[in-house]
Amino acid sequence: MKKNSRGGLFSSKATKKKAGNTEEVTGYFKGVVQIESMESKQAYQQTKTEIISELQANINQLSQKVLGKPMTVDVEKLGSAQERLKFETNVRSLGIDHLNISKHLCNLESDEILKRSLLLVTKQIIRVYMVEAFDLSSRDNGSASDSYLQLRCNNTHFSERDEYQLDEANPVFYKKYDFEGLFPGTSPLSIEAWDYDAIFGDELIGNTIVDLEDRYFSLEWQSLAEKPVEYRQVYHPSSSLSQGVLKCWIEIIDAADPSKGKDWDITKKPVEYFEVRICVLNCQDIQLDASGTVDAYFRGFFDSKEDTQETDTHFRCQDGKPDFQYRLVYKVGVPRKDYKFSLQCYDRDFFKSNEMLGEATIQLKQLIEDCALVQKPLGLNKTYYEDVLKKFDPDLELKFDKADSSKFWLRMMAKNPKTGKIESNGEVKMAVDVLPYGTAEKNPVGKARDNPNHSPQLPQPQGRLELSFNPIKMFNQLVGPALRRKLYCYCCLLVLVALVVMMLPQILSGLIVACI
């Protein structure tokens, strides 16, 4: 037997014995059981009547004094959310809403309200708002589940199988479902998460059961003007562990007057586009290869499967400070799941795979959402970083340029092949701007250093490889200092060996003459 948290209302199951002394569940029922002496009941009723009468008289007297008119208190009607809200509005006009009078009256009359509700069968609309799910367990090998929902209540069944979401452990729904039910007597609501499989058959991820009558007969729940959003764990019959979380909320509306229930529009917000302009300016402290050079370039993306862009390559950089002055331009749709921008630095190699030197990431969600809010261009400058970003992401460390506060250094991280640890490997200097797409179309900029080149204007990069007819200059540009030192040592060694070989006959002849 399960007792309701409000007290009085309980649920239980009916069973019958079968052969072999086993029991079989034949149904479920709810009801109210009261066990008390007649004297106690009469005393309780008398005390309750006196308290309510005194409260009614005091409220009426106060209303006459403050508003100049009487105020009637019909306790029997407080079981209705609309009547209770109306009463609370009247009480607020008297300046005594802090006393929570409606709550105390409902507690006093809760047993009578509950009994009247149980004896009155009413038709209701059960409206379920499904928002999204989190961390649904995988039922596929090597990928997330192809998730979709099924909802069942009374004799109505909704299935979203035709709109399953491929490889998605965190699906979004933004849909509502209406069921009809009689209270008391409606069946529980079952919300099921499924994995779509066209070959081997769909598989249940997990489900959650909602006792609608617990809500409907709860005065506290009924009194809420806006029903609470629920995060419900889903479970599979084969496991006691949670298989994910569903975000939803439920409303129960009188079918005789549906207009009393607000119909929330939770359709998914249409995609709004923004242009994100990221300038990769230069780097410092980049690790060089064994020859003392690096052919550095960057790959930047929000999602590597969508729009991945690359800078040009700074060939034969010898000081660990490759210069790019390169603009990357992205068209970003909002809302989206991931706002993190990744910038990866590579050493280009024509004979084997390119080696990643480091990666810098920056979360741009707040900047993009603020741009969507104000519908004006926003840049990541020092003021915005200190006033806004630092509060939302205390771990974000940016070093701003002293001469231009709109440019900042972002640390790059890479795995040390010797120790296997993630360590710092240089920094990249950047500038980030976000614009509403309509504004960006009116004020276009070119990618890289193409025209129109403004905001900011990007100069030609310094220290790049220059073609020359001077062989010494070309040699110094193409060959790194470490390799040059080795070559110089080899050349000196070869000269020394050549001198020894050339002088060896004279040395030998001199030794022979000296011996004779």
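Looking at Gln462, is it without any contact (Cβ under 8 Å) to a residue 12 or more places away in the chain and either surrounded by 13 or more Cβ atoms within 10 Å (Cβ to Cβ) or within 18 Å of Val280 (Cα to Cα) (or both)?
Judged against the criteria, Gln462 is not a match.
Among (1) under 23 Å from Leu357 (Cβ atoms); (2) more than 30 Å from the chain's Cα centre (by Cα); (3) of a type in the set (A, V, I, L, M), where does Leu398 come up short?
In the conditions (1) under 23 Å from Leu357 (Cβ atoms); (2) more than 30 Å from the chain's Cα centre (by Cα); (3) of a type in the set (A, V, I, L, M), Leu398 misses (2) alone.
Return the total of residues in region 364-397 being assigned to a loop (DSSP other than H, G, I, E, B) and surrounded by fewer than 17 Cβ atoms within 10 Å (Cβ to Cβ).
7
May I ask you to list the residues in region 229-255 that are over 18 Å from Tyr174 (Cβ atoms) and out of contact with any helix residue (DSSP H, G or I) (no Cβ under 7 Å at 6 or more places or on another chain)?
Those that are over 18 Å from Tyr174 (Cβ atoms) and out of contact with any helix residue (DSSP H, G or I) (no Cβ under 7 Å at 6 or more places or on another chain): Gln233, Val234, Tyr235, His236, Pro237, Ser238, Ser239, Ser240, Leu241, Ser242, Gln243, Ala255.
What are the residues in region 334-355 that are in a loop (DSSP other than H, G, I, E, B), out of contact with any Lys or Arg (no Cβ under 8 Å at 6 or more places or on another chain), more than 21 Å from Asp370 (Cβ to Cβ) and not aromatic (Phe, Trp, Tyr), if any?
Hits for region 334-355 are Arg348, Asp349, Lys352, Ser353.
Applying the selection to region 54-69, what residues are surrounded by 12 or more Cβ atoms within 10 Å (Cβ to Cβ) and outside any helix (DSSP H, G or I)?
Leu67
Since Phe87 meets every condition but one in (1) in contact (Cβ under 8 Å) with a residue 24 or more places away in the chain; (2) of a type in the set (A, V, I, L, M, F, W, C); (3) buried (at least 18 other Cβ atoms within 10 Å of the Cβ), which condition does it not meet?
It fails just one condition, (1).
Which ones in region 191-209 are of a type in the set (A, V, I, L, M) and either closer than 14 Å to Val128 by Cβ or buried (at least 21 other Cβ atoms within 10 Å of the Cβ) (or both)?
Correct list: Ile191, Ala193, Ile205, Ile209.
Yes or no: region 409-431 includes at least one residue that is among the β-branched types (Val, Ile, Thr), surrounded by fewer than 11 Cβ atoms within 10 Å (Cβ to Cβ) and either out of contact with any Cys (no Cβ under 7 Å at 6 or more places or on another chain) or assigned to a strand (DSSP E or B) (or both).
yes
Quick test of your reading of the structure: Pro459 fulfils all but one of (1) over 22 Å from Glu359 (Cβ atoms); (2) under 24 Å from the mean Cα position of the chain (by Cα); (3) assigned to a loop (DSSP other than H, G, I, E, B); (4) not aromatic (Phe, Trp, Tyr). Name the failing condition by number.
The failed condition is (2).
Output the residues belonging to region 144-190 that are part of a loop (DSSP other than H, G, I, E, B), among the aliphatic types (A, V, I, L, M) and crowded, with 17+ Cβ neighbours inside 10 Å.
Those that are part of a loop (DSSP other than H, G, I, E, B), among the aliphatic types (A, V, I, L, M) and crowded, with 17+ Cβ neighbours inside 10 Å: Ala144, Ala169.
State whether the residues of region 473-496 include one that is modelled with pLDDT under 90, surrounded by 10 or more Cβ atoms within 10 Å (Cβ to Cβ), under 30 Å from Ser405 (Cβ atoms) and not assigned by TED's automatic domain parsing to the domain that holds Lys407.
No, that holds for no residue.
Go through region 117-141 and report how many residues are assigned to a strand (DSSP E or B) and without any contact (Cβ under 8 Å) to a residue 40 or more places away in the chain.
Number satisfying all stated conditions: 0.
Under the condition of being within 26 Å of Lys340 (Cβ to Cβ) and among the aromatic types (Phe, Trp, Tyr), which residue from region 266-322 is surrounded by the fewest Cβ atoms within 10 Å (Cβ to Cβ)?
By that ranking, first place goes to Tyr273.
Within region 230-238, identify whether any single residue is over 29 Å from the mean Cα position of the chain (by Cα) and among the aromatic types (Phe, Trp, Tyr), and answer yes or no.
No: zero hits.
The values are calculated or read from the model by the stated rules, or taken from the named source; none is laboratory data. Since this is a predicted model, take the numbers as computed values, not measurements. Methodologically, a virtual Cβ is constructed for each residue, glycine included, from the backbone with ideal geometry; neighbour enumeration extends over all protein chains shown.
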